[in-house]
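Data block below; observations after.
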Amino acid sequence: MACPTSWPLQQFIASLDNSCLPKILQVCSGVYFQGSVYEISGSEVCFSTGDLIKVIGIELLSVCCEDIGNNETFELPINHKGLFKVVLEEMPYSTLEEMVSLRPVGLESCLPFTFTSSSKITVGNFTLGAERALTVLSIERHEGEEDQVRCHIRGQQEASAELCIPLSTHGEFRECESEERFTLMEIMSSPYLRSRKFCFMNTTKSERPLILSPVYQVHGIMSMRTNILKFLSSLEMDVVEVTEMSSDVNFMTPLSLTEVCSQPEESFPAVAEILEGPETHSLFRCSWLPRLSKNSHLIFHKTGTSAMVLLSSVKSRKTQQYFLVSQQYGGRFRRRPREFNSVFELYVAFMQAPGLKVSVTRNCEEDEEEGLPALSVGEQLEVVRSETMELPCESSLGQKQVVEALLCRRLQDPDDEDEDEDEDEAEVKQKDEREEICLPLYMQGHFVEVVADKKKYRLRDLGKEFSLPLDVKVVSRDSELETDPLVGFACLRIEGAMLEPTIQASFLHRPEHCFEIPTQWLSMSVFFTQEALPWPIGQPPKCHVDRVTEVTDLFFYEYHRQGNSDAAAPPRPPKRNLSSLKSSESSSKKTSKAAKSKRRESVPTKELANLTLNIKRRPKAPPPPAILDNQPPPVVPRKPAAAKMTTGKALPNTYVKREESMTKVKLCEFEEDVDSDHDYETLDETFTVMVKKAQEDIMFY
């Protein structure tokens, strides 16, 4: 058998692609330290003569550029934005086939190109003179005939012709400089272009010819090591390929979790060792994740596809939690009403499941300009359909605006019905029940779903009968779980359902306690060992599977990014006419100024100023009066400090308390007192009482 040819590692790796792997290499020469593999920053930097390496993958990292003029080298990232042009060869080509073979394959810019011949070319009865420019248009290949190139020839007086020349034609051919430009990725993807010399375009280094060489990160394994090796193809060593001669060498083949799922059923159950654990910033937050560390052992029981749902807790909690739950979960759920913060959210829920009924949870004031109707707390609405509505306000161009809206029907609350109503009131109520209103999709509001369903459901039944998302609550736990993390939540939202390829796994010390690993969401490298299973042959334990896996918010966001990438955004409010807007603002400002002036006139400014002055410059307290023997000492009123010590709070100031109550009423949008003509009369009386009481206290001291 002939001795295999040695190659520089850089040259051999550049001739490979991932489709022809794996390949087994043997190190035959180079510069080494004593011993075997050396590692720096996670990459191998040294091998010993005779080491066997099984290459299982290559990844292009950068491009090494060697300046032919001064032998300097530098690296460029593979995504370098600069363009390069081909440096013409000094030596002529002896045949057309040799010249054509160095053209890039698969690139749109490979044709046409122009060349010249230093001698005459005779094709049949046609003779072409020397130094004539020929432009190659295409390569003609016909079965049973010699391959030819179709060339375009420009003659005198703008005359032109086409000529087919065989590729085997001999002579001295030289390429003409062209305007072809290539990126680094295009050069590295073509073996023919990689053999050419290039120079920069539009830079100061444009005239310096460069040799471009790809730098790969090589992934490999060795017979005596369990981890995956990573080393650069630029290491200065020679290798020989011994793939066929080393077929009996036992390499520990690392497998990703996706590759584990593709293994045949007879491969399970089996013991596997972790070569590379999951990433630090994982998408899961569960008890078994921290144990998936390097060199740990697992039992892979079986693979399959599991139906799962994604649950999230309510946002009112300090930390929102997310769970990936198998549809085999044994607990029972009861539906909970959903909350909506805008009409657009009502629209989305209605489109998923018609027949939606909601109750208003916050008052909304009417705005005729923007077409917003008035809504009261407790009012019930039934969403009928979506339609368009015309707004009273005009756009900046003076045109009527048409927007999307929800047509809703007002419903009468059955608790408000009175049995003693007469017939006229009943007719009015029936009319109110049939009243329909339009809610623009951009309208902000607060609604809660009206749910009268008290039935208990299994998780798999909820997905069949209702559309998602759906708010639920666990009313009975899964008895097969040691601890059910879903119990105790006031409300859980089912975000969506999915089918996930999973691996049922467990640890060696508890083989019966299993969990499911979603292979699409966890990256890990393992290999099957030859260890025996921790139970008697043919007597596997009864497995209990954890059906609830807590995940992080990153999982939640990634799930929605993949599933709802084309979701429509909420509509914007309409553009209003600026002239009408300014007039309404000026009228509102005049009204507010008039109201403020009235309030200032009603305040007892003189008494309030005196009170403030007396409080700031209070004189010293007079000496206590003489105490007679037959009279008890005077009783001193309790000061606020004493009250603070006993109750833990200072006595509130009456004026401040009044202001706070006014603010709360305004935020909650309670109805005003219709029996009072002026909202400041009670305030005047309060200030009068405050002044009198303060003066009496000062006189006492």
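The values are calculated or read from the model by the stated rules, or taken from the named source; none is laboratory data. What you are looking at is a predicted structure, and each value in this text was computed from that prediction instead of being measured. Note that each Cβ is placed from the backbone with ideal geometry, even for glycine, and that neighbours are counted across all protein chains shown.
Go through (1) under 19 Å from the mean Cα position of the chain (by Cα); (2) at pLDDT 90 or above for residue 291 and report which single condition fails.
Residue 291 satisfies every listed condition except (1).
Return yes or no: is residue 326 within 23 Å of residue 533 (Cα to Cα) and either assigned by TED's automatic domain parsing to the domain that holds residue 57 or modelled with pLDDT of 85 or more (or both)?
No, not satisfied.
Table: residues versus (1) in contact with a His (Cβ under 7 Å, 6 or more places away or on another chain); (2) within 18 Å of residue 379 (Cβ to Cβ); (3) of a type in the set (Lys, Arg).
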residue	(1), (2), (3)
309	no, no, no
318	no, no, yes
322	no, no, no
333	no, no, no
338	no, yes, yes
343	no, yes, no
350	no, yes, no
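Only residues that are among the hydrophobic types (A, V, I, L, M, F, W, C) and part of a strand (DSSP E or B): list them for the range 56-70, please.
56, 58, 60, 61, 63, 64, 65
Kindly provide the set of residues from the range 335-369 that are assigned by TED's automatic domain parsing to the domain that holds residue 445, basic (Lys, Arg) and in a strand (DSSP E or B), ordered by number.
Matches in the range 335-369: 357 only.
Between a residue in the range 441-452 that is of a type in the set (S, T, N, Q) and any residue that is not in a loop (DSSP other than H, G, I, E, B), which pairs come within a Cβ distance under 6 Å, given they are 6 or more apart or on different chains?
Cβ pairs passing all conditions: 444/342.
What pairs come out if I take residues in the range 177-195 that are basic (Lys, Arg) and pair them with residues that are part of a loop (DSSP other than H, G, I, E, B) and modelled with pLDDT under 85 whose C-beta lies under 9 Å away, six or more apart or interchain?
Hits for this filter: 181/201.
With the condition kept exactly as written, say whether any residue in the range 61-69 is modelled with pLDDT of 85 or more, of a type in the set (A, V, I, L, M), touching a helix residue (DSSP H, G or I) at 6+ places or on another chain (Cβ under 9 Å) and surrounded by 18 or more Cβ atoms within 10 Å (Cβ to Cβ). Walk me through it before giving the result.
Of all residues in the range 61-69, those modelled with pLDDT of 85 or more come to 61-68.
Remaining after also requiring of a type in the set (A, V, I, L, M): 61, 63, 68.
Then drop every residue that is not touching a helix residue (DSSP H, G or I) at 6+ places or on another chain (Cβ under 9 Å), which leaves 63.
Filter once more, keeping what is surrounded by 18 or more Cβ atoms within 10 Å (Cβ to Cβ): 63.
Among the residues of the range 61-69, at least one is modelled with pLDDT of 85 or more, of a type in the set (A, V, I, L, M), touching a helix residue (DSSP H, G or I) at 6+ places or on another chain (Cβ under 9 Å) and surrounded by 18 or more Cβ atoms within 10 Å (Cβ to Cβ), which makes the answer yes.
Listed here are the residues, each with its yes/no results for (1) aliphatic (A, V, I, L, M); (2) assigned by TED's automatic domain parsing to the domain that holds residue 265.
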| residue | (1), (2) |
| --- | --- |
| 443 | yes, no |
| 466 | no, no |
| 482 | no, no |
| 485 | no, no |
| 491 | no, no |
| 504 | no, yes |
| 528 | no, yes |
| 539 | no, yes |
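Which residues, counting only those in the range 275-286, are surrounded by 13 or more Cβ atoms within 10 Å (Cβ to Cβ) and outside any strand (DSSP E or B)?
277, 278, 282, 283, 285, 286
Return the pairs, sorted by first residue and then second, in which the second residue is basic (Lys, Arg) and surrounded by 18 or more Cβ atoms within 10 Å (Cβ to Cβ), the first residue lies in the range 4-27 and is part of a strand (DSSP E or B), the beta carbons are less than 9 Å apart, and the residues are 6+ apart or on different chains.
Sorted first by the residue in the range 4-27, then by its partner, the pairs are 23/54; 24/54; 25/54.
Find the residue count for the range 289-311, including only residues that are surrounded by fewer than 18 Cβ atoms within 10 Å (Cβ to Cβ) and in a loop (DSSP other than H, G, I, E, B). Reasoning before the result, please.
Within the range 289-311, the subset surrounded by fewer than 18 Cβ atoms within 10 Å (Cβ to Cβ) is 290-291, 293-297, 302, 304-305, 307.
When the remaining residues are screened for being in a loop (DSSP other than H, G, I, E, B), the result is 293-296.
Matching residues across the range 289-311 total 4.
Condition first: at pLDDT below 90 and of a type in the set (Val, Ile, Thr). Now tell me which residues in the range 294-322 satisfy that.
314, 319
Consider residue 499 against the criteria (1) touching a Ser or Thr at 6+ places or on another chain (Cβ under 6 Å); (2) surrounded by 13 or more Cβ atoms within 10 Å (Cβ to Cβ): it satisfies all of them except one. Which criterion is unmet?
All conditions pass for residue 499, except number (2).
Checking the condition out of contact with any Ser or Thr (no Cβ under 9 Å at 6 or more places or on another chain) and at pLDDT 85 or above, which residue from 115, 84, 74, 126 passes?
74
Within the range 116-132, restricting attention to residues that are surrounded by 12 or more Cβ atoms within 10 Å (Cβ to Cβ) and part of a strand (DSSP E or B), which residue is nearest to the chain's Cα centre (by Cα)?
Checked the range 116-132; the qualifying residue nearest to the chain's Cα centre (by Cα) is 116.
Only residues that are closer than 18 Å to residue 303 by Cβ and part of a loop (DSSP other than H, G, I, E, B): list them for the range 511-544, please.
Selection gives 519, 520, 521, 522, 523, 524, 529, 533, 540, 543.
In the set 414, 469, 440, which member is in contact with a Gly (Cβ under 6 Å, 6 or more places away or on another chain) and modelled with pLDDT under 90?
Criteria check complete, one pass: 440.
Of (1) under 20 Å from residue 261 (Cα atoms); (2) touching a helix residue (DSSP H, G or I) at 6+ places or on another chain (Cβ under 7 Å), residue 333 satisfies all except one. Which?
(1)
Which numbered condition trips up residue 285, out of (1) free of Cβ contacts under 8 Å to residues at least 12 places away in the same chain; (2) touching an Asp or Glu at 6+ places or on another chain (Cβ under 7 Å)?
Residue 285 satisfies every listed condition except (1).
For the range 370-399: of the residues being in contact with a helix residue (DSSP H, G or I) (Cβ under 8 Å, 6 or more places away or on another chain) and in a strand (DSSP E or B), which is surrounded by the fewest Cβ atoms within 10 Å (Cβ to Cβ)? Spell out how you get there, then give the answer.
At the first step, the residues of the range 370-399 found to be in contact with a helix residue (DSSP H, G or I) (Cβ under 8 Å, 6 or more places away or on another chain) are 383, 386, 393-394, 396.
Imposing the further condition that a residue be in a strand (DSSP E or B) reduces the set to 383, 386, 393-394.
On the way: 383: 22, 386: 14, 393: 18, 394: 17.
So the residue we want is 386.
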